[in-house]
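Notes follow the structure.
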Amino acid sequence: MAKKIVVVGEVRDGELRNVSFEAIAAGKTVADGGEVVGVLLGENVSGLSETLIHYGADRVVVVNHKDLKSYTTDAYQQALLQVFDVENPEVVILGHTAIGKDVTPRLAMKANAGLISDAVAIEVEAGKPIFTRPIYSGKAFEKKKVNEGVVFATIRPNNIAALDIDPSRSGDVSTLTVDIKDLRTTIRDVVRKATGGVDLSEANVIVAGGRGVKSKEGFGPLKELADLLGGAVGASRGACDADYCDYGLQIGQTGKVVTPDLYFAIGISGAIQHLAGMSNSKVIVAINKDPEAPIFEVADYGIVGDLFEIVPILTQELKNSLV
Ligand code: FAD
């Protein structure tokens, strides 16, 4: 049965994040021929509406408000609840990002609705969306559905393929005026850590280093390899705890969960808490001098040896193959 789906787009630095397009693709599956409504929140975000439509949204609702310039739980929650009052969606989809993880459970609770978080696949059975999500730190998957009422879902970035962009698509864009009041949090300034480069949670290639990298400088060759492959640098908690890199790069149970096409685990032992963040990567390459390191159990390709010898050789070979 055709459904109305609301997909909340996520904007960072004036650009829509890829997960927004993946959420639209998920919405299309769930809508079963119904309508997918994109929602954009921000201070001046109307210009991004067309992109959402080109990626498959049937129409877009834009909420421009000065208090939505930077994310705060209160302001987003208030604005989105007012959007849902007008739209009455049957399913609401957001990315399983820092914002999605924070606001979606609150919205579901306020709307007295069901919540399924961190979905990696969606199918429809007898008109109901069935969500596949990893459990036990990614060792197994479960299928979940909400039996009655509205469903809120977050989808893990890099798992559900976005539709091909179609610049010929058109759709209605409307603005909704919302009332935001009694905010408990005000953002005075946003100071970004200078990690730069490709966004870790959406990167197709990740070159991650562990305590075996031994120093901040040791991450230099990993960065060179990542740059060559158009990827991002990540790290184990071991490397972050040792102050070789910023905690913003940590991958794992208490760090970011990533699903790139290619994941290099370099000087990382493969503790269960690290695997929780990367074991669903499509291809895993491990480099470790210990042949018994548990990382080799999840690796598709394993290289036993000294990372300080292997990484420069790998980078040079790649450079040779690229000329
Ligand atoms: P180590 O375990 O010390 O491994 C270093 C590896 O480098 C070894 O396998 C060694 O053989 C190899 N090596 C050393 N020198 C070289 C060389 N020259 N060449 C090649 N290989 C070399 N960890 C995470 O990563 N992410 C998390 O989110 C996370 N959350 C946690 C949450 C909790 C509640 C707890 C208790 C722990 C958590 N941890 C997490 C920590 C986790 O248990 C491990 O301690 C951590 O992952 C180890 O990091 P590591 O593999 O870099 O270091």
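Ignoring everything except DSSP H segments at least 4 long, calculate the 222 nm mean residue ellipticity for the chain; use -39,500 (n - 2.57) per segment, divide by total residues, nearest 500.
-8000 deg cm²/dmol
Using a 1.4 angstrom probe, figure out how much accessible area segment 5-61 has per residue, in square angstrom, rounded to the nearest whole.
Heavy-atom accessible area per residue stands at 31 Å².
Which percent of the accessible heavy-atom area of segment 1-77 goes to carbon and sulfur, probe 1.4 angstrom?
Roughly 42 percent of what the probe reaches on segment 1-77 is carbon or sulfur.
Within 10 Å, count the other beta carbons around each residue, average over each peptide in 157-167, 200-210, and list them highest first.
Per-residue mean Cβ counts within 10 Å order the peptides as 200-210, 157-167.
For segment 143-297, with all protein chains present and a 1.4 Å probe, just round the carbon and sulfur fraction of the accessible area to a whole percent.
Of all accessible area on segment 143-297, carbon and sulfur atoms account for 49 percent.
Can you pick out the pairs among 143/256; 256/289; 143/216; 145/256; 139/223 whose Cα atoms lie more than 32 Å from each other?
Cα-Cα > 32 Å for 143/216; rest within.
Expressed as a whole number of Å, what is the distance separating the alpha-carbon centroids of segment 46-67 and segment 223-278?
33 Å
Quick check for me: using +1 on Lys/Arg Cβ and -1 on Asp/Glu Cβ, what's the dipole size of the chain about its Cα centre, in debye to the nearest 20?
580 debye
Got the relative contact order for segment 112-163 handy, in percent, Cα pairs under 8 Å and 6 or more residues apart?
44 percent.
For the chain, list log₁₀ I(q)/I(0) at each q in 0.13, 0.15 Å⁻¹, using the Debye formula over Cα point scatterers of equal strength and ignoring solvent, two decimals each.
Result of the Debye calculation: -0.98, -1.18.
Between residue 128 and residue 142, how many nm apart are label points set 7 Å from Cα along the C-beta direction?
So the two model labels end up 1.5 nm from each other.
The values are calculated or read from the model by the stated rules, or taken from the named source; none is laboratory data. All values reported here derive from a predicted model rather than from experimental measurement. All Cβ positions, glycine included, derive from the backbone under ideal geometry; neighbour counts span all protein chains shown. In case anyone asks, the SASA skips ligands and DNA or RNA and just uses the protein heavy atoms, side chains included. Shrake-Rupley method; radii C 1.70, N 1.55, O 1.52, S 1.80 Å.
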